[in-house]
Structures are given as structure tokens and as C-alpha cells.
Amino acid sequence: MGRRGRNGKRGFTLVEALFFLFLFSVIALTFYQLFTLGTKRILDVRRKLGATALASERMETIRSLPYASIGTKKSNGVGGWDYGIPAGDILETESIVKAGGTYSVHTIAQYVDDPFDGTASGSGSSHDTIPTDYKRVRIEVSWAGAENDQSVVTWGSFSPVGVEQPSNTGVFSVNVADPSGAPIQDADVRIVSAINNVDLTAQTDVFGNQSWPGTPPGTDYMIYVSKSGYYGAQTYPAYPTSVFSPLDLPMSVIAAAVNQKSFSMGRSSNVTIRSEDALGTAIPSVAFTLSGGRQVGNKPNASPLEAVYDFSVSETTGSDGQKAYAGRSYGRYALAAPGDVSGYRFLRLDPGIKSVPGFFDVAAGTDLTEKMVFAKTSIGSVLFSVKHDGGSGDAVENATVHLQSATPMYDVTVTTGVSGQAYFPSALPALAAGTYQYQVSADGFAQATGTIVVTGTALQDQLVTLTAQ
């Protein structure tokens, strides 16, 4: 309620004044946001209209060119040109200021192998010996919009005058799939040939394919495949230009043939290496060597063959006991811990691979923490190693190790992993000195029992061999 003054007129209290000020501020802010949003939308519309007009102009300019000139080129940075397939006089990338905005124009020209008269990969009457039927041009005009980046795309097809003419060219075809064999659409495929001055990039279709009919013959075509969120793949020069013998060598293009190359490309994964004790407490500053992921070749002249990977580091975990690697390839990795660390003994990798100790696998598109597990040597503890009694001495996974004692009172069961190890205690406090009984059981094996005297001041080892039933 307002307060009346001496003249009887009603005034405003401080609370009411603050309320009206707040209400005014909200209304003013709302109008300002609406005005700003409207301005951005107007700018977007203006720039889109400008981009559409620019794309139409560029397409009309291309239509006026001779058929032989319809192709792309770009500066190689040293005063010359790298050409697309087909080669021509159209700049692959331009930056143009028009209608108050800056536009980026990206042009792609490609031959089309139309199935109307057969294709290069067809057989019999469906085989087309001249697959360069016509050219298709894609123009994309993009700009940094007022609200977000946008683009306008236009397409055009261009036919040669008269009948198809044979040419000394081949078809360059690249297929990209994920590890399961499913095609990857919209992957960037870049091909480079110094011999033919070719350097161009295009995207795969719904079948994971990108083809270039009319590719000039050559033996040095390098291929680079990439896509956001995926770990890329590429070819490598032959040994000794590469220090290894590559699995994927540069592509050769033979005239009048379909020249195909396939790549497998999985989603990127994140790998974290962690050093910790058997109770899960981080151990800082532990050195290790890590290599693996995508195999790119083999060591030359090695017998037996020794794989070479595109990732190899020798590093140390941080103060938190971890070292992270983002955007890594799927595949198998080798992790070499330094062995015993001051005050600790190395036990195992977790998770590991039973058949190949010291390695671990990373699936595509996953986050994995691989642990280097150590045991503190100065506390009362026992490490059980459960193995087959056969000649192989393989570790027994999923064995239950039951450790108990009446004095001191203790009763805990631990299940072995792929290493066949079971560590006690499973949680602090450490094991007190005394005599303990153990029972070890596993499916398909006879139970093993025994006793162990624990000193209470050191890590002790207990080997248990199980007999198959």
C-alpha cells in the first residue's frame, strides 16, 4: 500500500519502487533480446540471398566455359597449380566480398559414369569402356552467419559436344567402411599425385564410395581418409622413404581399368593409462611405454614379422597416477610397465589379455582406462597365483580364493581375473600376522586347500595349482 502525504496524495514505498524498476528492466531486456534476434535473422536472410545469387552467377559462368575447361585447380603454394579430376580452369576455393559480406566458394567438378550406357565396373554388354560420360559440378557458397555458419549448394551437369572420345585415363575408386564392414558416408577422401599435379578432396556416398572416372595414369597416388569423430587412414610411401614396410602403399592408376582401394576406419576412442596399487590407490609418476592401435606396416627385413603401429610413446603418469590419450585408434596395444617401482611390485594389467600378457584391446568409439596394478611390499599381504597343473601352467580365470582365520579374525573371498591373481587384503587394514587357511575352487577343477603363515610386515606369494577333473 502506498503512503499518503500531508496533502492526502498517495506516494510509493521503496519496495514498490524497486518492484516497478525490476519489471521495467525485464521488459526492456526482453525487447532488446527480440530486437537482437530479429537483426540476426535479417542478416541471415540477406546473406543467404547474396550467397544464392553468387552461386547462380558462378554456375552461369561455368556454363559459358568450353567443356575441356570445366574442371578445378588450386595453387600449390610455389607458383604452380594442383589440379582436380577433371582438370580445368575453375578455382577450387575462392573468398569473395559481396553485398556487405564475405563468402567462401568451394567448387567440386567430377566425371560421371552414367549407368545408361553401362559402367566401368560392369561386365559384358554392361561394361562401359569410356566411363567419362559427362561432368557434374557442385558449388557451395558458405558464410559466417549472424546466428550460425550456413551455406547454399547448387549442382549442374555438363555434357560434351558430340560423341564420347576415348582417353588414356582410368577410374580411381575408394571404399571406406567401419570395422564391421558397414559403409561410412560423408568421409573425406583426399588423393594426391605429384606426377600429375593432382590434389583434391571429395566425400563418400551412401555406399562409402568415392570414384573419379577420367583419372590420369600414375603410380604415386597418395590417399588420405578422414571424418570427424573417426580415426583416419592413409597410404604411405614405400620403404626406405618410410622407415617401415607399409601395408598401404601409394595407389597405381592404370588406363582403361577400375582401380580400387578400400580402407577400414573406426570411431575414435579415448584411452587412459592409470598406475595404482592393488587397493585402487593412485601411484604417481610411474614410467611406461605404450604402442599400438592402427598397424601401418612391419619392420623391414625382420623375421618373424614385427608389426609397426602409428602410435608409440614413452611417458610417465601424472600426480594423479593417470595419463590420457584422446582420439586414438581401435586395435591392440602393448603396455610395458617399468617392473617394480620403489616400494611396490608390479602385478598385472587390468583389463588384460589372458593369451598375450602385456597387451590390451581397445574397441572403436569407447572410453577405456587400462590399469597398471602394483602391490605394496611393506604391508601384511598375500598374492595368490592360481594356475593349471598341466605343462602349460596357464592362469586360471574366475577361480574363487577364500582366505580365513579365527585368530586373527578374517574371512574374505576374491575372484581371479585373466592373470589368475587374487590379492589380500581386498581393503585396508593389512593382514595381521598369523596362520590363515585357504580354499581355491574353479569350474572343472578339483578344490585346493592349504595354510599360509602371514608375517604381517611384507607381501608374500602363494602359488596354487589346480587339477582338472
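If we scan segment 103-113, do we find a residue that is part of a loop (DSSP other than H, G, I, E, B) and touching a Pro at 6+ places or on another chain (Cβ under 9 Å)?
Taking segment 103-113 and keeping what is part of a loop (DSSP other than H, G, I, E, B), we get 113.
Going one step further and asking which of them are touching a Pro at 6+ places or on another chain (Cβ under 9 Å), we end up with 113.
For segment 103-113, residues part of a loop (DSSP other than H, G, I, E, B) and touching a Pro at 6+ places or on another chain (Cβ under 9 Å): present.
Residues in segment 226-240: is at least one surrounded by 15 or more Cβ atoms within 10 Å (Cβ to Cβ), under 27 Å from the mean Cα position of the chain (by Cα) and closer than 20 Å to THR107 by Cα?
Residues of segment 226-240 surrounded by 15 or more Cβ atoms within 10 Å (Cβ to Cβ): 226-227, 230-236, 239.
Of the ones still in play, those that are also under 27 Å from the mean Cα position of the chain (by Cα) are 226-227, 230-236, 239.
Next, from what is left, pick out any that are closer than 20 Å to THR107 by Cα: 226-227.
Yes: segment 226-240 contains one or more residues that are surrounded by 15 or more Cβ atoms within 10 Å (Cβ to Cβ), under 27 Å from the mean Cα position of the chain (by Cα) and closer than 20 Å to THR107 by Cα.
Condition first: at positive phi and part of a loop (DSSP other than H, G, I, E, B). Now tell me which residues in segment 267-303 satisfy that.
Across segment 267-303, the qualifying residues are GLY280, SER285, ASN301.
Starting from segment 111-122, keep only residues that are in contact (Cβ under 8 Å) with a residue 60 or more places away in the chain, then list their pairs with residues that are among the aromatic types (Phe, Trp, Tyr) whose Cβ atoms are within a distance under 6 Å, requiring at least 6 positions of separation or different chains.
These pairs meet every condition: VAL112/TYR134.
Sort out for me the strands (runs of 3 or more DSSP E) sitting completely within segment 151-250 that have 3 or more residues that are closer than 26 Å to GLY80 by Cβ and in contact with a helix residue (DSSP H, G or I) (Cβ under 9 Å, 6 or more places away or on another chain). Working first, answer last.
Values: elements: 170-177, 188-193, 198-203, 209-215, 218-226.
Per the criteria, no element qualifies.
Loosely packed, with under 15 Cβ neighbours inside 10 Å and within 35 Å of the chain's Cα centre (by Cα): is that true of THR102 in this structure? Outline the logic, then answer.
Values: loosely packed, with under 15 Cβ neighbours inside 10 Å: yes; within 35 Å of the chain's Cα centre (by Cα): yes.
The answer is yes for THR102.
Can you tell me which residues in segment 247-271 are charged (D, E, K, R) and more than 17 Å from ASN209 (Cα to Cα)? Steps first, please.
Residues of segment 247-271 charged (D, E, K, R): 248, 261, 267.
Hits for segment 247-271 are ASP248, ARG267.
Checking the structure you have, find out if any residue of segment 391-401 is under 13 Å from VAL454 (Cα atoms) and in the same structural domain as ALA458 (by TED's automatic domain parsing).
Checked segment 391-401: no residue is under 13 Å from VAL454 (Cα atoms) and in the same structural domain as ALA458 (by TED's automatic domain parsing).
Output the qualifying pairs, or none if there are none: Cβ atoms under 7 angstrom, residues six or more apart or on different chains, first residue in segment 312-330 and exposed (fewer than 13 other Cβ atoms within 10 Å of the Cβ), second residue at pLDDT below 95.
As it stands, the answer is none, since no pair meets every condition given.
Yes/no per residue for (1) closer than 30 Å to THR169 by Cα; (2) at pLDDT 80 or above; (3) surrounded by 11 or more Cβ atoms within 10 Å (Cβ to Cβ); (4) not β-branched (Val, Ile, Thr):
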| position | (1), (2), (3), (4) |
| --- | --- |
| LEU43 | no, no, yes, yes |
| THR52 | no, yes, yes, no |
| ALA55 | no, yes, yes, yes |
| TYR67 | yes, yes, yes, yes |
| ASP82 | yes, yes, yes, yes |
| ASP89 | yes, yes, yes, yes |
| SER95 | no, yes, no, yes |
| VAL112 | yes, yes, yes, no |
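Is it true that THR435 is surrounded by 14 or more Cβ atoms within 10 Å (Cβ to Cβ), in contact (Cβ under 8 Å) with a residue 24 or more places away in the chain, over 30 Å from GLY229 (Cβ atoms) and touching a strand residue (DSSP E or B) at 6+ places or on another chain (Cβ under 8 Å)?
Values: surrounded by 14 or more Cβ atoms within 10 Å (Cβ to Cβ): no; in contact (Cβ under 8 Å) with a residue 24 or more places away in the chain: yes; over 30 Å from GLY229 (Cβ atoms): yes; touching a strand residue (DSSP E or B) at 6+ places or on another chain (Cβ under 8 Å): yes.
For THR435, the condition - surrounded by 14 or more Cβ atoms within 10 Å (Cβ to Cβ), in contact (Cβ under 8 Å) with a residue 24 or more places away in the chain, over 30 Å from GLY229 (Cβ atoms) and touching a strand residue (DSSP E or B) at 6+ places or on another chain (Cβ under 8 Å) - is not met.
Which count do you get for residues in segment 251-262 that are assigned to a strand (DSSP E or B) and either under 14 Å from the mean Cα position of the chain (by Cα) or of a type in the set (Val, Ile, Thr) (or both)? So that I can check it myself, show each step before the final result.
Pass one, segment 251-262, residues assigned to a strand (DSSP E or B): 251-253, 258-262.
Among the residues that remain, those that are also either under 14 Å from the mean Cα position of the chain (by Cα) or of a type in the set (Val, Ile, Thr) (or both) are: 253, 258.
Residues meeting the conditions: 2.
Which residue is farthest from ARG267 (Cα to Cα), if the candidates are limited to segment 363-415 and must be among the charged types (D, E, K, R) and in contact with a strand residue (DSSP E or B) (Cβ under 8 Å, 6 or more places away or on another chain)? If you could, list the steps in order and put the result at the bottom.
Quick first cut of segment 363-415, residues among the charged types (D, E, K, R) only: 367, 370-371, 376, 387, 389, 394, 397, 411.
Filter once more, keeping what is in contact with a strand residue (DSSP E or B) (Cβ under 8 Å, 6 or more places away or on another chain): 367, 370-371, 376, 387, 389, 394, 411.
Values: ASP367: 11, GLU370: 19, LYS371: 23, LYS376: 38, LYS387: 37, ASP389: 42, ASP394: 34, ASP411: 45 Å.
Across segment 363-415, the extreme among qualifying residues is ASP411.
The values are calculated or read from the model by the stated rules, or taken from the named source; none is laboratory data. This is a predicted model, so every value here is computed, not measured. Counting neighbours? That spans all protein chains shown, and the Cβs are built from the backbone with ideal geometry, glycine included.
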